[in-house]
Every structure is written in C-alpha cells, then in structure tokens.
Amino acid sequence: MALLATMAIAGSCTAAPAPTVTTTYEGSSENFPNPERGFYKSIEPVILSENPLVEQPGSPLQLSELQQLRSEGMSMVRRYYLLAEFRDKPISSSFLTQITNDLKTARQAGIKIIIRFTYNWLNGGPDAPASIILAHLEQLKPILRSNYDAIAYMEAGFIGYWGEWHDSTNKLVGDSTLDVSDDARKIFLKLLSILPKDRMVAVRYYKQKQQLFNNNNSLTSTEAFNGSARSRTGHHNDGFRAGIDDGGTYVSTHLDVIERVKSWLNLETQYVVQGGEPAWSSNPPEWDDCSGALTDFARMHWSGMNANANGNVSKPVYQGWINQGCMEEIKRRLGYRFRLIDSKILSRVKPAGTFSMSFQITNDGWASPYNPRNLEVILRNRQTGQVYYLPVPEAVRMWMPCKTKTVNIVGGIPTSMTSGEYQVLLNLPDPVYRLSKRPSYSIRLANNKVWEASTGYNSLLRNVIIDPNTEGESYSGNTFFQLR
C-alpha cells in the first residue's frame, strides 16, 4: 500500500475536537532530477587547432541542448568561460552579453549553471595579473548579481591552469606549495563580494581555504549558512579517486595526513557545496572500486559530479561503476534526497481556526541543499482549485544526510476561506520570486504517488475539511494561510 491512515480522537463528554489523521508514505527508488544536485554536463572551450593552438570560448548556450539535458535528468551544467583574449584588457561588451544570455537561457530551460572563468585551456597557459582579474570581476558584478538565481555556485577559477589555482604564471599561488598570495586572497574575497550572499564559491584545494581565512578549523553548525565569507566557501575535487591523494587534492601522499584531511572535509562539507570530477587520466583500477567511491561520496557529502569529465578519458571510470552495480545509487544519492516517512494532519478546521500538522522526513542523499530553500504547506480546494499557502520557517539546509527530522507546523485559517474540502500538499520552491512558481526549480520528494509535475507540489495524500461548524479554538497567532 502507498499509505496507511489512522485517526486519533480524544474521548470526552464535551464536543470532541477534530481528529488527527496519521499517514505513512512509501519510498521510491526512482532516479529523477532535483535542483542543484546530481550529474551535470561540462560545457567547455572549443579547440580548433592544437598546432598552432587556436581556441574559442564556445558558442552561446542553446535552449534545445539544455532542454535535452533536462529531459535526461540533469538540473545543472558547468560552464567554462575562456578569457584568454582579455588577459591584458577589459572583457568585451559582446562577451559580457553572451554570459548574460547564457544565464537567461539556462533559466528558461529549468537549469542552473556552475560557472568557472579561466584565462587558458588546453595544456594550461598564462593567467592574468591581479589588477586585470579584479577589473574583470568588477565588470562581471552586475551580471552575476542580477542573474544569481540561475547560478548553482561558482568555482573560484581565474587563477592558474584551467582556473584551478595551481601553476599561476603571475605567481598568485605557489608553484609547488599552492600557498595563497595576498593578491589571490583579494581576488577571492572580491569574487565573494560581487555574488549575493545566497551563493557559494568552491575552491580546488582544502589548504587554500584554510589560508584564505587564516583558519584551520572546519565550519561548525553555528557558523553554517550564516552568510560569512568562510561559510560560503565550498570545495571542488577534480581528481576524485585518482590514486591515494585524489590527484593532488589532499596535497600529500601520506596516509595519516590524508585521513586528517578527509576528517576535516567530512565536517566542513556538511555545510558547504562539494562537487568535482574524476582525474585527467584514467584512474588507477584499484581506485575505481564502488566500495571506495561510495565511501568517499558519503564522507565528503558530494552534491554533484561532471558527467563528461575530460571527454572520453573518464568513461572507463563511469563504466566501472556501472559494471560493479553502483552507478544507479550514485545517481540517486548525489546531493540531497528527501523522503517522507509519515504525517499527522488535523482533519477538520473552522475558518479563523488553528490548522496543525507535523511530518517526519529523512535524507537518503549524501548532502543537504547548499543554497536556500523555502518550505510551504499548500491547501488547495478540491472543487475550485483555489490555492492557499502557509510559509514555514524551517531551515531545510539543515536536513542532514541519514538523519530524520520532525517538522511541526501551526497556522491560522483565514476567516474568509471558503468552506469545503482541501488537499494538503508540501512545496519546497526556490526562494527567488521569478523561479518560485517553476516546478523544475522545486524539490521533488522520493516517495511514490506524491509528486505533481505540473505544479511542483508534493501531495500528502490527505484532505482537510474547512467547516464553520467544527469545534476548536480560534487561532491567536499572526501566521495565516495566504491566497495564491
């Protein structure tokens, strides 16, 4: 059975209050897209010739291509912007327009972009002086601020080969030590400052985050999502399982050091984004095992992974996961995966009365959402389709992996609400207004028979009767359902 309902009624000689109905929900093993998580496609500069080297930044994003990716279950793309021609001058207005149009196209397709800027591509190459990078960031500021809703997060970029913060020709990071210079720190803090506080920036190496903030401690729950620069700095690992040190990610090949770093990242990535890809070369076979991959995905709370990393080079890695039988689990568990367990909902309420309910939910994914997320209870009239919503002050980003959360909700029914039978639903929309009514940007729960693709709502498979003859106290708070 998809659900089980029971009714709890308090016995009394006076008029009984409306009963509470308990419903249990059936989980789903289906792999489906959800915002800001999962495998993504990397859209990269085009190499026209290797000798002599001729590269193009790439064509504007095409709506049909992004819609196709969406139909294949992807909710993100990573977009590299090659700035090689602007190493010594401002970014052209036409290039800035292309970035703006890409973000508009992504929004239209129901996709979000992971952005990285780089001054070089094939085989690496020169980056730009700090003064140029800072000037470019100032040019980019109005675009990123006005279109941040279409950005999942940014990778720090700009510095070194491929924007990965190593091999900087302008000595912005150390050649072998990867140590952060004062100029690199200015660049990174400038990037954070031009993005709204609701967006994160991921760095390539854990030690560089420690140096950027002169702080070797992992984030704590009290710092999590507080809008500070440190709380907005996440991680991308572009050498996942590429040998013992993940392709240099842990800046050491000593097991005791690597274990300490992984323990640090385990705490840190509870509250910041973690993404990445396999290494440039095919991973050593002993590191392509499902057991090790699943362990590291879970331990470092991975939210997303490049599906086409380094062209064909990564295909043996992914094929190995398919052959060993863990790829479907990886697809399901990257990022968050919220599953309803049960709900308790009052069955009848009078206008001006108190609506109350609770639900239990668990996170079967490897991470929690890294961007803000709203929660609403929806009441929809079964006859007229009229919709009322109740904003719920709940920190969805703190619904942690492998944890069960109970959410208690109390709100007021408007005096003017029409009597009748109302469906009860949950909505987890994007908090940015222009995306808030787009189903592709709402979170789908991992349960059978609850998702409404046309609205982005999740049905609780229960109804509540609004009836002026129902017993119960009038609502005395100030949080009422509102007409949508």
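The values are calculated or read from the model by the stated rules, or taken from the named source; none is laboratory data. All of these numbers come straight from a predicted model, not from anything done at the bench. Counting neighbours? That spans all protein chains shown, and the Cβs are built from the backbone with ideal geometry, glycine included. With ligands, DNA and RNA removed, areas are computed over all heavy atoms of the protein, side chains included. Shrake-Rupley method; radii C 1.70, N 1.55, O 1.52, S 1.80 Å.
Among the residues making up the stretch 57-95, those that are touching a helix residue (DSSP H, G or I) at 6+ places or on another chain (Cβ under 7 Å), over 20 Å from P45 (Cβ atoms) and not hydrophobic (A, V, I, L, M, F, W, C) are Q67, R70.
Scoring Y441 on the criteria (1) in contact (Cβ under 8 Å) with a residue 12 or more places away in the chain; (2) open to solvent by 20 Å² or more (accessible area, probe 1.4 Å) leaves a single failure, condition (2).
Taking (1) more than 29 Å from A395 (Cβ to Cβ); (2) of a type in the set (F, W, Y); (3) not in a helix (DSSP H, G or I) in turn, F225 satisfies each apart from (1).
To keep it simple, each residue is scored yes or no on (1) more than 25 Å from D183 (Cβ to Cβ); (2) buried (at least 22 other Cβ atoms within 10 Å of the Cβ); (3) out of contact with any strand residue (DSSP E or B) (no Cβ under 7 Å at 6 or more places or on another chain); (4) in contact (Cβ under 8 Å) with a residue 12 or more places away in the chain.
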residue: Q208; (1), (2), (3), (4): no, yes, no, yes
residue: N214; (1), (2), (3), (4): no, no, yes, no
residue: A224; (1), (2), (3), (4): yes, no, yes, yes
residue: L267; (1), (2), (3), (4): yes, no, yes, yes
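Out of the residues in the stretch 133-180 meeting the condition of being without any contact (Cβ under 8 Å) to a residue 12 or more places away in the chain and assigned to a loop (DSSP other than H, G, I, E, B), tell me which one is least open to solvent (accessible area, probe 1.4 Å). Top of the filtered list is G174.
What strands (runs of 3 or more DSSP E) lie completely within the stretch 311-392 and have 1 or more residues being in contact with a helix residue (DSSP H, G or I) (Cβ under 9 Å, 6 or more places away or on another chain), under 22 Å from P431 (Cα atoms) and open to solvent by less than 30 Å² (accessible area, probe 1.4 Å)?
In the stretch 311-392, the matching strands (runs of 3 or more DSSP E) lie at 338-346.
Taking the stated definitions as given, is I322 among the β-branched types (V, I, T) and under 30 Å from S221 (Cβ atoms)? So I322 does not fit the description; no. For first residues located in the stretch 446-460 and closer than 16 Å to I361 by Cα and of a type in the set (A, V, I, L, M, F, W, C), partners that are at pLDDT 95 or above and part of a loop (DSSP other than H, G, I, E, B) and lie 6+ apart or on another chain with Cβ distances below 6 Å form the pairs A446/S28; A446/R337; W451/R444.
Taken over the stretch 460-472, the residue count meeting the criterion of being in contact with a strand residue (DSSP E or B) (Cβ under 6 Å, 6 or more places away or on another chain), open to solvent by 20 Å² or more (accessible area, probe 1.4 Å) and either under 30 Å from L334 (Cβ atoms) or not in a strand (DSSP E or B) (or both) is 3. Kindly establish whether F39 is aromatic (F, W, Y) and more than 21 Å from K190 (Cα to Cα). Answer is yes for this residue.
Sort through F188, F117 and tell me the only one that's in a strand (DSSP E or B), aromatic (F, W, Y) and either under 28 Å from E72 (Cα atoms) or without any contact (Cβ under 8 Å) to a residue 60 or more places away in the chain (or both).
F117
Going residue by residue through the stretch 232-241, is there one that turns out to be of a type outside the set (S, T, N, Q), out of contact with any strand residue (DSSP E or B) (no Cβ under 7 Å at 6 or more places or on another chain) and either open to solvent by less than 10 Å² (accessible area, probe 1.4 Å) or closer than 16 Å to V173 by Cα (or both)? Can you show your working first?
Residues of the stretch 232-241 that are of a type outside the set (S, T, N, Q), as a first pass: 232, 234-236, 238-241.
After this cut, where a residue has to be out of contact with any strand residue (DSSP E or B) (no Cβ under 7 Å at 6 or more places or on another chain) as well, the list is 239.
This time we only want the ones that are either open to solvent by less than 10 Å² (accessible area, probe 1.4 Å) or closer than 16 Å to V173 by Cα (or both), so: 239.
Looking for residues that are of a type outside the set (S, T, N, Q), out of contact with any strand residue (DSSP E or B) (no Cβ under 7 Å at 6 or more places or on another chain) and either open to solvent by less than 10 Å² (accessible area, probe 1.4 Å) or closer than 16 Å to V173 by Cα (or both), one finds at least one in the stretch 232-241, hence yes.
Among the small types (G, A, S) and open to solvent by 10 Å² or more (accessible area, probe 1.4 Å) - does that describe any residue in the stretch 28-44? Looking for residues that are among the small types (G, A, S) and open to solvent by 10 Å² or more (accessible area, probe 1.4 Å), one finds at least one in the stretch 28-44, hence yes.
Here F95 meets the list (1) open to solvent by less than 20 Å² (accessible area, probe 1.4 Å); (2) of a type in the set (F, W, Y); (3) touching a residue at least 40 places away in the same chain (Cβ under 8 Å) almost entirely, failing just condition (3).
Based on this model, can you work out whether A395 counts as more than 21 Å from R462 (Cβ to Cβ) and of a type outside the set (K, R)? When the stated conditions are applied, A395 passes them. Would a scan of the stretch 55-69 turn up a residue that is modelled with pLDDT of 95 or more, charged (D, E, K, R) and open to solvent by 40 Å² or more (accessible area, probe 1.4 Å)? Looking through the stretch 55-69, at least one residue is modelled with pLDDT of 95 or more, charged (D, E, K, R) and open to solvent by 40 Å² or more (accessible area, probe 1.4 Å). Looking at the stretch 85-92, is at least one residue in a helix (DSSP H, G or I) and closer than 26 Å to D179 by Cα? Within the stretch 85-92, one or more residues are in a helix (DSSP H, G or I) and closer than 26 Å to D179 by Cα.
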